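Take a look at the structure below.
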Amino acid sequence: MSFFDWSVLDPLGRTVIAAIEKVMSLSAITSLLSLSAALVATWVMQVTTHQAGLNSSVARLALAQRIALAALAIFLMLNAVTPFITPDPPWLANLPLVVAF
């Protein structure tokens with residue numbers, strides 16, 4: 001058994017997941033969290049870049065930030081709806097999220 005062998009935690013993890021899924025499925029939890037994060041990203045995008053324009057370099061940077069936050073919100077929304085469309089893992093939505101973080 002090596003130092004990084006975490007397989008002993010597998011039964012504990014399965015027990016925790018089984019307890020959580022008695023209340024709500026993991027897909028629904030992921031969807032709710034992704035939807036909440038998308039709404040927060042959209043709100044932050046609106047608040048922080050309300051006056052974004054192209055007048056100065058700071059305004060152009062704010063516009064770029066607004067575009068990045070909009071893309072993040074779109075990917076989070078894709079992540080939220082994917083479990084209800086297909087049983088496959090939402091890798092198409094998760095890949096940009098992993099790159100973003």
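Here, each number is a calculation from the coordinates, and none is a lab measurement. This is a predicted model, so every value here is computed, not measured. In this analysis, Cβ positions are derived from the backbone assuming ideal geometry, glycine residues included, and neighbour counts consider all displayed protein chains.
Grab the beta carbon distance between THR15 and ALA64, set R0 = 41 Å, and tell me the FRET efficiency rounded to 0.05.
Between THR15 and ALA64 the formula returns 0.35.
Say each of ALA71 and LEU33 gets a label point 7 Å from the Cα, pointing the same way as Cα to Cβ; how far apart are those two points in nm?
Distance between the two pseudo-spin positions: 2.4 nm.
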